[in-house]
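Heads up, the thing below is written out as structure tokens.
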Amino acid sequence: MAQIAIAQDGQPQKPELPAVTVRSSRDSATAPMYDGVEAERARLARVPGGTNLIEPQQQSRLATLRDALDYQPGIVIQDFFGGTDQPRLSIRGSGIQSNPVNRGVLLLQDGLPLNEADGSFIIGLLEPRNAALISARRGANALTPGATTLGGELDFVSLTGAQERGRVRAETGSYGRQALQASVGGVGERFDSRISASSDRFDGYRHHSASSRDSVQANLGFQGDGSFENRTYLSWADLSFQVPSVVPKDRIASNPRGVMGDGATAQDQLLNVYKRDPRRAADQMRLANRSRWGSDTLRQEVGVYWQDTDDLFNNQTNYTVTHSRTAGAQWQASGRPAGEQGAWGWRTGVSWAHSEMQRDLYATSPVNGQRLQRFGSYDLDASNLQALAALDWRVVPDWTVVGSVQWSHLTRDAASRTSAVRADQDWAFATPKVGVNWAATPTTRLWANLSRSHEAPTFWEIVSATVAPNSPATAQAELVRLKMQRATTFELGGAGRWGEGAHALNWTAAVYRSVLADELISTTDANGIKVGTYNYAGGTRHQGVELGLSGSQRMGVGALDYRASWTYSDFRFRGGEYAGKQIAGVPRQLINAEVLYRIGAWRFGPNVRWMPVSTPTDHANTAGAEQDAYALLGLKLEWRDGPLALYLQADNVTDRRYASAYAIRNQATAAQPGYLQGLGRSFTAGLSYQF
């Protein structure tokens with residue numbers, strides 16, 4: 001409190017107060033259609049199940065999806081080629097069989113679906129540097145009307161002009177890695193806007209593994225009268241990468257940068273990567289708009305989106321060329337009639353999505369990789385109409401019961417443009433969920449839930465191509481009728497904090513068990529090339545443990561910042577041909593950990609990515625064909641002073657030779673091409689300046 005002094009003339013002297021800078025409320029981190037990290041944290045705390053809240057802007061390097069999602073329990077990222085390509089993303093075994101990786105999780109951009117209506121996506125188009133936060137709702141804990149799959153949903157929430165007025169990022173690294181990003185934002189009385197452009201180039205660690213991505217994203221927010229808010233989003237991305245493909249297991253150690261074609265064997269001549277030139281090139285334009293209005297008593301939101309995608313994928317023996325146009329709309333409403341302290345709350349929503357695709361299949365020349373004859377040409381049409389109703393009841397102050405049901409009607413229609421062959425499929429189903437939250441202490445929450453999930457096949461499974469590598473003239477295509485994959489999941493878990501303030505320890509834990517029927521199983525042939533998808537008739541089971549720790553501990557004049565995750569996945573066939581065998585595709589155990597010593601503006605320390613036990617690459621669990629266990633040691637050095645940040649990062653400093661991923665087969669041998677060599681020792685240096 002200021003003290004009033006008395007001057008010599010007996011009159012009160014004006015107190016001298018510290019200068020105060022007054023800013024418009026529009027100059028804060030709160031912008032139309034963006035609620036902030038704490039609001040999202042509170043929203044996830046009401047979910048009776050496993051979730052992740054990721055703040056990617058806290059990471060020094062953000063070139064790839066792994067940079068953003070590392071150290072997150074329950075989220076498994078397996079690198080394919082190490083650039084801006086197509087890492088394998090899996091949550092609770094979702095989509096592990098897909099090749100290319102394209103299903104099992106609903107990807108969202110600012111709450112609106114990024115997937116095509118058939119459920120597929122191109123994961124390399126994502127640009128994590130534009131995300132203010134990433135909200136993961138694992139498994140049946142998804143919140144949007146269109147999310148019914150086993151894997152749940154990942155929501156990438158865009159930075160706005162109110163949060164970031166401008167930033168420049170630049171980095172350079174081993175094997176020709178170059179990246180540049182620049183953004184600028186502004187705030188007015190009712191509007192804010194931001195535009196960002198980025199460009200990435202990577203020559204590749206392996207031969208024939210160069211990749212590039214260019215991206216532009218912009219959004220414009222408007223604050224209307226009362227509670228009305230609106231934001232418009234525009235994005236464009238162009239992705240291109242070479243596919244070095246798979247090699248026999250012995251080449252992981254003998255030639256970690258090599259591809260088929262580097263040797264003199266008959267197998268090398270048949271699958272010569274340099275001649276066949278496997279690669280992928282995709283570009284996408286997307287426009288979306290969201291509006292929101294109301295109060296906690298009744299809040300409504302409407303969103304619409306449209307995207308146009310061109311995709312060329314050469315998998316060595318055939319080109320798949322797809323042009324898709326997708327449109328969608330989503331309405332959601334929620335409320336708590338008695339206010340924030342009310343015992344009852346509700347939410348409801350309806351979503352609609354429709355995709356039209358033209359897909360052509362061409363044989364690939366084994367001599368020069370050029371397109372040969374077209375052997376398949378299809379019109380593909382997918383539509384989804386889905387509705388959600390949910391209710392939560394605060395039984396007593398510390399106990400809340402949450403229940404919901406989703407109703408879905410999905411269609412997947414495919415018709416040949418060169419014959420009368422067609423396959424029209426539709427499914428209607430309900431997806432119920434029930435869960436309970438218990439606030440055991442002010443800083444500890446425990447939960448349990450029981451849920452159903454459903455996943456329809458995408459057109460990557462429905463349209464099947466068979467091309468012998470030594471006989472492109474006999475290439476054939478067919479339309480496959482598949483059943484929907486269904487699962488019942490039970491989950492127990494909790495999350496909490498031990499200690500107070502900046503040095504508290506944060507923890508999360510979840511244990512789940514899913515019993516599946518008609519799981520979608522995709523396999524590859526002896527050459528590592530996809531040959532088709534089928535429903536496994538004997539039943540399967542996915543169960544696992546997801547643990548996460550993070551926090552900070554004082555040490556001397558500085559502190560130790562740490563984070564770690566352990567994801568245990570036990571996925572098995574219950575009956576049928578492979579009864580009792582482990583389902584190939586996901587590491588049985590994956591441990592990620594990082595410890596950084598912080599002193600002043602500096603942070604430095606080691607990290608590890610550890611797969612402690614080997615993983616089968618085939619469903620028969622053939623001895624000797626496993627992906628061997630490995631541990632990758634990394635080092636990181638960061639310096640931050642106000643708006644400027646510099647970093648130096650070393651990955652795989654011991655230059656470990658290992659398989660980062662593999663082609664999944666029903667039965668395999670180590671001599672068959674099936675393994676993707678992981679990146680060797682590499683270094684990255686970069687800077688970020690925010691203004």
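The values are calculated or read from the model by the stated rules, or taken from the named source; none is laboratory data. These numbers were taken from a predicted model, which means no experiment stands behind them. With ideal geometry, Cβ positions are generated from the backbone for all residues, glycine too; neighbour counts draw on all protein chains shown.
Given the criteria surrounded by 19 or more Cβ atoms within 10 Å (Cβ to Cβ) and either in a loop (DSSP other than H, G, I, E, B) or touching a His at 6+ places or on another chain (Cβ under 6 Å) (or both), does GLY580 qualify? Lay out the reasoning, then the answer.
On the way: surrounded by 19 or more Cβ atoms within 10 Å (Cβ to Cβ): no; either in a loop (DSSP other than H, G, I, E, B) or touching a His at 6+ places or on another chain (Cβ under 6 Å) (or both): yes.
No; evaluated as a whole, the condition is false for this residue.
For the stretch 149-170, state whether one or more residues are in contact with a His (Cβ under 8 Å, 6 or more places away or on another chain) and either modelled with pLDDT under 95 or under 26 Å from GLU455 (Cβ atoms) (or both).
We begin by selecting, within the stretch 149-170, every residue in contact with a His (Cβ under 8 Å, 6 or more places away or on another chain); these are 149-150.
Next, only the ones that are either modelled with pLDDT under 95 or under 26 Å from GLU455 (Cβ atoms) (or both) stay: 149-150.
Among the residues of the stretch 149-170, at least one is in contact with a His (Cβ under 8 Å, 6 or more places away or on another chain) and either modelled with pLDDT under 95 or under 26 Å from GLU455 (Cβ atoms) (or both), which makes the answer yes.
Given (1) more than 27 Å from the chain's Cα centre (by Cα); (2) farther than 28 Å from ARG299 by Cα; (3) of a type in the set (Val, Ile, Thr), identify the lone condition not met by THR400.
Going through the list (1) more than 27 Å from the chain's Cα centre (by Cα); (2) farther than 28 Å from ARG299 by Cα; (3) of a type in the set (Val, Ile, Thr), THR400 breaks only (2).
Just the residues that are aromatic (Phe, Trp, Tyr) and surrounded by fewer than 17 Cβ atoms within 10 Å (Cβ to Cβ), please, taken from the stretch 278-321. I'd like the intermediate steps shown before the answer.
Taking the stretch 278-321 as the starting set, the residues that turn out to be aromatic (Phe, Trp, Tyr) are 293, 305-306, 313, 319.
Residues satisfying the conditions are TRP293, TRP306.
If LEU679 satisfies every condition in (1) buried (at least 16 other Cβ atoms within 10 Å of the Cβ); (2) in contact with a strand residue (DSSP E or B) (Cβ under 6 Å, 6 or more places away or on another chain); (3) at pLDDT 95 or above; (4) not hydroxyl-bearing (Ser, Thr, Tyr) but one, which is the exception?
(2)
When the residues of the stretch 666-684 are narrowed to those that are in contact with a Gly (Cβ under 7 Å, 6 or more places away or on another chain) and not in a loop (DSSP other than H, G, I, E, B), which ends up nearest to GLN58 (Cα to Cα)?
Ranking the candidates gives THR684 first.
All but one of (1) under 30 Å from ARG422 (Cα atoms); (2) part of a strand (DSSP E or B); (3) in contact with a Leu (Cβ under 8 Å, 6 or more places away or on another chain) hold for GLY493, so report the exception by its number.
It fails just one condition, (1).
Might you check whether a residue that is at negative phi, assigned to a loop (DSSP other than H, G, I, E, B) and without any contact (Cβ under 8 Å) to a residue 12 or more places away in the chain occurs anywhere in the stretch 205-227? Don't jump to the end; show me each part of the working.
Kept after step one, since they are at negative phi, are these residues of the stretch 205-227: 205-207, 209-225, 227.
Next cut, assigned to a loop (DSSP other than H, G, I, E, B) only: 205-207, 209-210, 224-225, 227.
Keeping just the survivors that are without any contact (Cβ under 8 Å) to a residue 12 or more places away in the chain gives 225.
There is at least one residue in the stretch 205-227 that is at negative phi, assigned to a loop (DSSP other than H, G, I, E, B) and without any contact (Cβ under 8 Å) to a residue 12 or more places away in the chain.
Scanning the stretch 452-490 for residues that are of a type in the set (A, V, I, L, M) and outside any strand (DSSP E or B), which turns out farthest from TYR71 (Cα to Cα)?
By that ranking, first place goes to VAL480.
Write out, first by first residue and then by second, each pair whose Cβ atoms fall under 9 Å of each other, whose residues are 6+ apart or on separate chains, and whose first residue, in the stretch 25-36, is assigned to a loop (DSSP other than H, G, I, E, B) while the second is modelled with pLDDT under 80 and not small (Gly, Ala, Ser).
Final answer for the pair search is GLY36/THR30.
Show the residue pairs meeting these rules: Cβ distance below 9 Å; 6+ apart or different chains; first residue within the stretch 649-668 and within 27 Å of LEU633 (Cβ to Cβ) and among the β-branched types (Val, Ile, Thr); second residue in a loop (DSSP other than H, G, I, E, B) and at pLDDT 95 or above.
Once the first residue is within 27 Å of LEU633 (Cβ to Cβ) and among the β-branched types (Val, Ile, Thr) and sits in the stretch 649-668, its partners that are in a loop (DSSP other than H, G, I, E, B) and at pLDDT 95 or above give VAL653/ARG681; THR654/ARG681.
Between VAL350, VAL367, which is outside any strand (DSSP E or B) and either of a type in the set (Ser, Thr, Tyr) or in contact (Cβ under 8 Å) with a residue 60 or more places away in the chain (or both)?
After applying the criteria, what remains is VAL367.
Let me confirm something: among SER199, SER227, which residue is in contact with a Leu (Cβ under 6 Å, 6 or more places away or on another chain), more than 24 Å from TRP306 (Cβ to Cβ) and surrounded by fewer than 17 Cβ atoms within 10 Å (Cβ to Cβ)? If you could, list the steps in order and put the result at the bottom.
Values: SER227 fails: in contact with a Leu (Cβ under 6 Å, 6 or more places away or on another chain).
None of the other options fit; the residue is SER199.
Taking strands (runs of 3 or more DSSP E) that fall entirely within the stretch 160-202, which contain at least 1 residues that are farther than 26 Å from ALA31 by Cβ and within 22 Å of the chain's Cα centre (by Cα)?
Numbers: elements: 166-173, 177-187, 191-202.
The qualifying strands (runs of 3 or more DSSP E) are 177-187, 191-202.
Which one is surrounded by the most Cβ atoms within 10 Å (Cβ to Cβ) among residues in the stretch 381-399 that are among the charged types (D, E, K, R) and under 18 Å from GLY345 (Cβ atoms)?
For the stretch 381-399, the residue satisfying everything is ASP392.
Check whether at least one residue in the stretch 74-96 is closer than 26 Å to VAL436 by Cα, modelled with pLDDT of 95 or more, part of a strand (DSSP E or B) and in contact with an Asp or Glu (Cβ under 7 Å, 6 or more places away or on another chain), and report yes or no.
Among the residues of the stretch 74-96, not one is closer than 26 Å to VAL436 by Cα, modelled with pLDDT of 95 or more, part of a strand (DSSP E or B) and in contact with an Asp or Glu (Cβ under 7 Å, 6 or more places away or on another chain), which makes the answer no.
Are there any pairs with C-beta distances below 7 angstrom linking a residue in the stretch 236-253 that is touching a residue at least 40 places away in the same chain (Cβ under 8 Å) to a residue that is basic (Lys, Arg) and part of a loop (DSSP other than H, G, I, E, B), with the two at least 6 apart or on different chains, and if so which?
PRO244/ARG206; ILE252/ARG657; ALA253/ARG657
ALA440 is checked against (1) surrounded by fewer than 17 Cβ atoms within 10 Å (Cβ to Cβ); (2) not in a strand (DSSP E or B) and fails just one. What number does that condition carry?
If we test ALA440 against (1) surrounded by fewer than 17 Cβ atoms within 10 Å (Cβ to Cβ); (2) not in a strand (DSSP E or B), just (2) comes out false.
Going by the structure shown, is VAL480 touching a residue at least 40 places away in the same chain (Cβ under 8 Å), in contact with a Phe, Trp or Tyr (Cβ under 9 Å, 6 or more places away or on another chain), more than 30 Å from SER404 (Cα to Cα) and crowded, with 19+ Cβ neighbours inside 10 Å?
no
Yes/no per residue for (1) out of contact with any His (no Cβ under 9 Å at 6 or more places or on another chain); (2) over 28 Å from ASP413 (Cα atoms); (3) not polar (S, T, N, Q):
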| site | (1), (2), (3) |
| --- | --- |
| ALA288 | yes, no, yes |
| ASN315 | yes, no, no |
| ASN318 | yes, no, no |
| SER324 | yes, no, no |
| LEU361 | yes, no, yes |
| SER365 | yes, yes, no |
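Based on what the data block shows, is PRO244 within 30 Å of GLY173 (Cβ to Cβ), touching a His at 6+ places or on another chain (Cβ under 6 Å) and surrounded by 18 or more Cβ atoms within 10 Å (Cβ to Cβ)?
Yes: the conditions hold for PRO244.
Inside the stretch 609-620, can you point out the residues that are over 24 Å from the mean Cα position of the chain (by Cα), of a type outside the set (Ser, Thr, Tyr) and closer than 13 Å to PRO587 by Cα? Steps first, please.
The initial filter retains those residues of the stretch 609-620 that are over 24 Å from the mean Cα position of the chain (by Cα), namely 613-614, 618-620.
From the residues that got through so far, the ones that are of a type outside the set (Ser, Thr, Tyr) too are 613, 618-620.
Correct list: VAL613, ASP618.
If you go through the stretch 188-203, how many residues are in contact with a helix residue (DSSP H, G or I) (Cβ under 8 Å, 6 or more places away or on another chain) and modelled with pLDDT of 95 or more?
Residues of the stretch 188-203 that are in contact with a helix residue (DSSP H, G or I) (Cβ under 8 Å, 6 or more places away or on another chain), as a first pass: 188-190, 192, 196, 198, 201-203.
From the residues that got through so far, the ones that are modelled with pLDDT of 95 or more too are 192, 196, 198, 201-203.
Matching residues across the stretch 188-203 total 6.
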